[in-house]
Amino acid sequence: MLRTPSGGAGSGTTAADNELMSIGTVLNVLREEFPEVTISKIRFLESEGLVEPRRTPSGYRTFSAEDVERLGRVLRMQRDHSLPLKVIREYLDAAERGEAVQLPVLGRQRDGEPVPPPSEAPPGARIGRAELLAAAEIEERELAEWESYGLLTPMEDGAYDAEAVTVASLGRARGGFGIEPRHLRLMKAAADREAGLVEQVVAPLRRHRNPQTRAHAEARAKELAALTLKLHAALVRSALGVRLP
């Protein structure tokens, strides 16, 4: 719920309209959760019929608390669900009429394909060294070799993150084709660069004081990671001239 200032009258309001807000005041309220919103964005949403502010005799826009809350819902649905404005407008209008409507499914779609589901492992999941060896079906010497090339790195307490099993298992499978850990150093370096690029994009959101914005940073990082994986796969297929199932 967005918090709107009491009596937030700005330029263009009158004493009779002291419960209405100028567009500048609305901008300040929305930026608590949506730091990238602009006045132009608010005007665009108005032109698309997402909000209908009142006008003073001088032509200034004035917004009620309900208008600001609706704008917040629009921006939230764009951010979290990546829905077209037409769909958002229809959804909100139906909800305001009291109709039973289902919240759109979270996750952006491109070309009709859903974003790959997140890993089943919970955030921060860890696995011990013995468990990793058993799960990936590798021996101690193989794990030590992977570590020597920086392909797997234990944490301070000696445990590994959940992705370590996937990395080790795929590495073992590639070994059957004569590809050794030393051959994968360039791939690891490329992955680190890609991760750095994603971090650069989401870092400003992670530093924001609003917890919802910080949570959005994590969702954005997952989405970018999924897109990076799809792009990498497409580039490899293109380079090899093959189509994979």
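The values are calculated or read from the model by the stated rules, or taken from the named source; none is laboratory data. Keep in mind it's a predicted model, so treat the numbers as computed, not measured. Please note: Cβ atoms are built from the backbone with ideal geometry, for glycine as well, and neighbour counts cover all protein chains shown. We work out accessible area using only protein heavy atoms, side chains counted, and drop any ligands, DNA or RNA first. Shrake-Rupley method; radii C 1.70, N 1.55, O 1.52, S 1.80 Å.
Residues with amide H under 5 Å of Glu33's amide H, sequence separation 5 or more or different chain, H placed in the peptide plane at 1.01 Å from N; which?
Those lying under 5 Å, H to H, from Glu33: there are none.
Using amide H atoms built in the peptide plane, which far-off residues or other-chain residues are under 5 Å from Arg54 H to H?
Thr62, Ser64
In the neighborhood of Leu75, defined by Cβ-to-Cβ distances under 12 Å, what is the net charge if each Lys or Arg adds +1 and each Asp or Glu adds -1?
Details: positive: Arg31, Lys41, Arg70, Arg73, Arg76, Arg79; negative: Glu32, Glu33, Glu36, Glu69, Asp80.
Taking every Cβ under 12 Å from that of Leu75, the sum is +1.
Using θ = phi - 60° and the Karplus relation 6.51 cos²θ - 1.76 cosθ + 1.60, list the HN-Hα couplings for segment 22-30 in order, rounded to whole Hz, with x at every Gly or Pro.
Here the 3J(HN,Hα) series is 6, 5, x, 5, 4, 4, 5, 5, 5 Hz.
If I take the Cα coordinates of segment 160-245 and project them onto the principal axes, what are the three extents in Å, biggest first?
Each principal axis gives a Cα extent; for segment 160-245 these are 50, 32, 22 Å.
7 Å from Cα along Cα→Cβ at both His183 and Ala162: what's the point-to-point distance in nm?
It is 3.1 nm.
Multiply the residue separation of Met155 and Ala173 by 0.36 nm, subtract the distance between their alpha-carbon atoms, and state the gained length in nm to one decimal. Spell out each step's value before the answer.
Values: separation 18, 0.36 × 18 = 6.48 nm, distance 2.44 nm.
My answer for the length gained is 4.0 nm.
Treat each spin label as a single point 7 Å out from the Cα along the C-beta direction, and report the Ala135 to His81 distance in nm.
Going by the 7 Å Cα→Cβ label model, 3.4 nm.
Using θ = phi - 60° and the Karplus relation 6.51 cos²θ - 1.76 cosθ + 1.60, list the HN-Hα couplings for segment 155-162 in order, rounded to whole Hz, with x at every Gly or Pro.
Listing the rounded values in order: 7, 4, 8, x, 7, 10, 6, 5 Hz.
Based on the Cβ-Cβ distance of Lys230 and Glu99, what FRET efficiency does E = 1/(1 + (r/R0)^6) give at R0 = 30 Å, to the nearest 0.05? Mind showing how you got there, number by number?
Details: r = 36 Å, r/R0 = 1.21.
Once the sixth-power term is evaluated, E becomes 0.25.
Quick one: Karplus J couplings for segment 133-146, per residue in order, coefficients 6.51, -1.76, 1.60, θ = phi - 60°, nearest Hz, x for Gly and Pro?
4, 6, 5, 8, 6, 10, 9, 4, 5, 5, 5, 4, 5, 4
Separation of segment 30-103 and segment 204-228 by C-alpha centroid, Å?
So the two Cα centres are separated by 22 Å.
Enumerate the lysines that Lys230 could reach by cross-link, defined here as Cα to Cα under 16 Å, with residues fewer than 8 away along the same chain left out.
Lys222
With a Förster radius of 25 Å, plug the Cβ-Cβ distance of Arg220 and Phe44 into 1/(1 + (r/R0)^6) and report the FRET value to the nearest 0.05. Don't skip to the answer; put the middle values down first.
Numbers: r = 22 Å, r/R0 = 0.86.
So, using R0 = 25 Å, E works out to roughly 0.70.
How far, in nm, would the chain grow between Asn210 and Arg54 when pulled straight, counting 0.36 nm per residue and subtracting the alpha carbon separation?
Working: separation 156, 0.36 × 156 = 56.16 nm, distance 2.94 nm.
Full-extension gain reported as 53.2 nm.
Explain nothing, just the number: relative contact order of segment 131-245, from Cα pairs under 8 Å at least 6 residues apart, as a whole percent.
On the way: 65 pairs, mean separation 19.8, N = 115.
Computed value for segment 131-245: 17 percent relative contact order.
Can you give the accessible area of Phe34, probe radius 1.4 Å, in Å² rounded to 10?
Accessible area of Phe34: about 20 Å².
What FRET efficiency do you get for Arg193 and Arg243 if R0 is 22 Å and r is their Cβ-Cβ distance, rounded to the nearest 0.05? Don't skip to the end; give the middle numbers.
On the way: r = 27 Å, r/R0 = 1.23.
In this case the efficiency is close to 0.20.
Straight-line reach from Lys41: which lysines fall under 20 Å, measuring Cα to Cα and dropping same-chain residues less than 8 apart?
Straight-distance partners of Lys41: Lys86.
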